[in-house]
Structure formats: structure tokens, C-alpha cells
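Working notes for the structure below.
Please treat every number below as a calculation from the coordinates, not as lab data. Because the structure is a prediction, the values reported are computed rather than measured. Please note: Cβ atoms are built from the backbone with ideal geometry, for glycine as well, and neighbour counts cover all protein chains shown.
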Amino acid sequence: MSFINYSSREINCKIVYYGPGLCGKTTNLQYIYAKTNPEAKGKMISLETETERTLFFDFLPLSLGEIRGFKTRFHLYTVPGQVFYDASRKLILKGVDGVVFVADSQAERMDANLESLENLRTNLKEQGYELDNLPYVVQYNKRDLPNAVDLDYLKRYLNPTNVPDYEGVATTGVGVFDTLKAVAKQVLIELKRGR
Amino acid sequence: MNSPMVLYEAEFKQITTVCDTLHRDASAKAVFLVDKNGQLLANSGDTADLDTTSLASLTAGNIAATGGLAQLLGEKEFAIQFHEGEKDNIHISLVGQRVILVVIFDERSSLGLVRLRVRKACLDLAGLFEVIHQKASEQGSTVFSEITDDDIDNLFGDG
């Protein structure tokens, strides 16, 4: 849920990166963090296990500039992708304004993608949201890997509603900012509509 | 369903006044008010050296996790949390299901005093947030209903 503060003239919105384990959600945030001017970003927080798997969430506050004198700030969160962290994933979806689904393009991760997407829909419903009514973007990550499956195939199964989607290589930054911009823009358009 | 929380100047001043009073009466180092979704709403006291944005996000995560624990145990919620450090302590309480009041204090205060003052502040804040929510739902439109598609495009033009 976005937060508009007339006193400090700020608009804050929450974007959640969702997807199966090791699909590159944290890598997306790390790339954004590395490539953003220091004055536009806050500290990136990663609550992770000893093996650098996300335990609870990653968090990155980002300023995108001003609209009509209001500073627009986006809080980016990732969820832990591993199946057994479902309770944590539900918590992080609370108050979400926009969702990025990061898919793993590798053939052997197709089942994990589908399971995670289904899990996203279910968990959003529990919080009273419908994915189809939310600002939502899909990123097909790891396009550089030799075992990446055809884009058409990914689109057919992971983006049946034809939302904006991007090919990504999060490690080198391909598609990372395109994805972020697309979801942020949708969030602002939704706010404009007064939702 | 997902209407934004809107804080206008007048209400912002009122909640800041409550935070200032609590900061003073509880002899606290700092007082924060955080939305359950991790947005910092107001703060008071010695906050210059603190990363307030991170603090807000982690507090909300903490409250969310504790709420999950409560549900597992069949409790509605755990309304109060207290973390004791070597020098600084942190007292976290839920106000009206929606916002989180955080008090950071050291040896100049005590848990008993903080709890006492927090109780009063929670009552004041709960009343204020009733008004804030009512106002937000009545007024509906925000600054955002006036912006154009071009405004949004411009924001991303040079990104």
C-alpha cells in the first residue's frame, strides 16, 4: 500500500520481487544497488543464511525523482525463493503495490517457475489481492545460459495474461532497469487512477 | 482494497507532537512511528545517526514475523516486543492494528517508564489514526489524480 506524506512531500511505494529459489531476485536488487547514484539509494539490507540464501527478505529503498514536487520513493523487496519459506513470503506481500516475477529460463527450472507463480497467486489471494489487478511485470532471467528454453515457451506458460515482460541477465544487468521501470510506471499509473 | 495511506500536514503535526511528548516523558533516545508495511511515518529525538528507512523496514518485518508466530500459537497478536541490548534497548508496540510505535532508550530511562508512557501515547495515536483513515477514505483523490502520463514518462525519461 502506497503512502503519501503531504508534510515531507513524499510518495512511498512497495515493489516485491517474487520467483523460485536461485532465479536471481537478489541479483536484480544487487545490480540496481550497484548502478544507482548514492544520493538516490538507501542501504541495501539482506537477511540471508550463512550460505547467502535469502532467509527473510532483501530490502532496497530507491528514489526515482520528483513528480509535481513530490519525491517518489520505491521500496524494493525480494522474498525467499525456497519452497519451505512460504510463511515469510506471505508476510512480505503485505501492502504490496507492484510485483515482479523473476523466472529462471533454464529448462530444468520450469516446474519451479510454475510452482512459484501459482504460489504467488495463492499468497496474494490470502492477502486480499488478485495478481491480475496489480501492477505486474515478468522477467525471464538467465537468458545467457546454454540451457535456456525458448522465449515463446516461457511466455506461453509464465505470462498467459500478456503483461509487460523482459529478457534478463541479472548478473550483467540486462533487463534489470527495464523491469524496474516498467513496474514502477505501472504503480504510479495505478496511483493516478486513485486505487 | 489497496488505497494509499495519506498523511496530511495537520495530522502529521499531531502525530509528531505525540512522538515528541513520548520522547520527552519516557526519557527516550528516539521515537519512531512506522506503518505496518515498513514506511516511516514520523520520528522524534536523536535520529541523525540512525538509518531510519532501514529501521522502519526491519521493524515492520519483525512485527510481521511476530504476528505470524502469534497466529501459529492461536494468539491474535503479540502487541508488545522488547529487545535488550548492552547499551540501547528497543520497545516495539502495535497501535490499532495498523501502525508500529518504536521507542529506543538507554540507561537514562527504564522499561517500566517506557511502558507507562507508551500506553498513553498509544491511546492518543489510535484516536489520531482513526481520523487519518477516515479522512483518506473520504477524500479519495490525492495529488496523483492531477498528474499526467507525461509527468510519469518524464520521471523515467533520463533514468
Subject >> Ordering of B:65-76, A:60-71 by packing [mean C-beta count within 10 Å, highest first] >> reply: A:60-71, B:65-76
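By per-residue mean of other Cβ atoms within 10 Å, what is the highest-first order of B:80-87, B:4-11?
Numbers: B:80-87: 10.8, B:4-11: 18.5.
Most protected by this proxy first, the peptides run B:4-11, B:80-87.
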Original post:
Under the rule of -39500 (n - 2.57) per DSSP H run of 4 or more residues, summed and divided by the residues of chain B, what mean residue ellipticity at 222 nm is obtained, to the nearest 500 deg cm²/dmol?
Top reply: -16500 deg cm²/dmol
**OP:** Rank B:Ile63, A:Cys13, A:Val183 by how far each Cα sits towards the positive end of the charge dipole of the protein assembly as shown (+1 on Lys, Arg Cβ; -1 on Asp, Glu Cβ) and give me just the farthest.
**Re:** B:Ile63
Original post:
For segment A:3-193, what is the percent of antiparallel DSSP beta bridges, rounded to the nearest 5?
Top reply: 45 percent
Subject >> Antiparallel content of DSSP bridges confined to the protein assembly as shown, in %, to 5 >> reply: 65 percent
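Can you compute the charge dipole magnitude of the protein assembly as shown about its Cα centre, using +1 on each Lys and Arg Cβ and -1 on each Asp and Glu Cβ, nothing else charged? Give it in debye, rounded to the nearest 20. Numbers along the way, then the final one.
Details: 38 positive and 48 negative charges, 129 e Å.
Computed charge dipole of the protein assembly as shown: roughly 620 debye.
Given Cβ point charges of +1 (Lys, Arg) and -1 (Asp, Glu) and nothing else, what value in debye, to the nearest 20, does the dipole of segment B:9-155 about its Cα centre take?
900 debye
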Subject >> Size of charge dipole - segment A:3-193 - debye, nearest 20, with Cβ of Lys, Arg +1 and Asp, Glu -1, no other charges >> reply: 800 debye
Subject >> Cross-link table A:Lys25/A:Lys90; A:Lys94/B:Lys36; A:Lys25/B:Lys36; A:Lys90/B:Lys36; A:Lys185/B:Lys135; A:Lys71/B:Lys36, entries beyond 18 Å C-alpha to C-alpha >> reply: A:Lys25/B:Lys36; A:Lys185/B:Lys135; A:Lys71/B:Lys36
Subject >> Cβ neighbours within 10 Å from other chains - mean over B:56-64 >> reply: 5
